[in-house]
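Participant: Supplied in structure tokens, the structure appears directly below.
The values are calculated or read from the model by the stated rules, or taken from the named source; none is laboratory data. The model shown is predicted, which means the values in this text are computed figures rather than measured ones. Positions of Cβ are backbone-derived with ideal geometry, glycine not excepted, and every protein chain shown enters the neighbour counts. What goes into the accessible areas is simple: the full protein's heavy atoms, side chains included, and nothing from ligands, DNA or RNA. Shrake-Rupley method; radii C 1.70, N 1.55, O 1.52, S 1.80 Å.
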Amino acid sequence: MPQDHTERRVVVTGPPRRTRRASGYYRPRTEIDEQTTLGHTYVRSLMRTQLRAALTVFAILGLLIGPLPLLFAAMPGTRRLEWAVLGFGLYAPLVLLARWYVRRAERNERDFVRLVEDR
């Protein structure tokens with residue numbers, strides 16, 4: 001039986017020269033761990049959102065507490081009112097502001113982790 005050379009199959013047993021990445025293969029965590037430019041951008045974006053939340057809290061605190069000395073100076077002789085405002089009037093807004101900040105920071109971190117580990 002004669003063999004036809006066009007029908008002969010060649011089997012390659014060596015390692016492939018090129019490896020193809022699977023489509024959609026993307027590892028932001030690797031980018032961060034290897035400190036690439038993209039990883040640096042991810043971390044910088046997280047830090048920027050955390051800084052924005054902190055500056056928002058700082059601005060609200062400045063607007064809330066900043067005018068109080070001027071208000072107290074304009075009304076001399078009202079020590080009990082001053083202590084009542086400082087002791088009771090500011091407590092609830094400060095607690096609410098702290099609670100908002102913690103929730104915001106945790107949400108930023110959760111969003112970052114979801115971004116990094118999703119794909």
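Participant: Given the conditions (1) at pLDDT 85 or above; (2) open to solvent by 100 Å² or more (accessible area, probe 1.4 Å); (3) more than 27 Å from the chain's Cα centre (by Cα), which single one is not true for Arg17?
Facilitator: With respect to (1) at pLDDT 85 or above; (2) open to solvent by 100 Å² or more (accessible area, probe 1.4 Å); (3) more than 27 Å from the chain's Cα centre (by Cα), Arg17 is out only on (1).
Participant: Of all residues in region 23-58, which are aliphatic (A, V, I, L, M) and open to solvent by less than 50 Å² (accessible area, probe 1.4 Å)?
Facilitator: Once the filter is applied, which keeps residues that are aliphatic (A, V, I, L, M) and open to solvent by less than 50 Å² (accessible area, probe 1.4 Å), region 23-58 yields Ile32, Leu46, Ala53, Ala54, Val57.
Participant: Which residue, of Ala105, Ala92, is closer than 30 Å to Val43 by Cα, within 37 Å of the chain's Cα centre (by Cα) and in a helix (DSSP H, G or I)?
Facilitator: One residue alone meets the criteria, Ala105.
Participant: Got a sec? Which of Leu51, Leu97 is at pLDDT 95 or above, assigned to a helix (DSSP H, G or I), under 27 Å from Val113 (Cα atoms) and in contact with a helix residue (DSSP H, G or I) (Cβ under 8 Å, 6 or more places away or on another chain)?
Facilitator: Working: Leu51 fails: in contact with a helix residue (DSSP H, G or I) (Cβ under 8 Å, 6 or more places away or on another chain).
Just a single option satisfies the conditions, and that option is Leu97.
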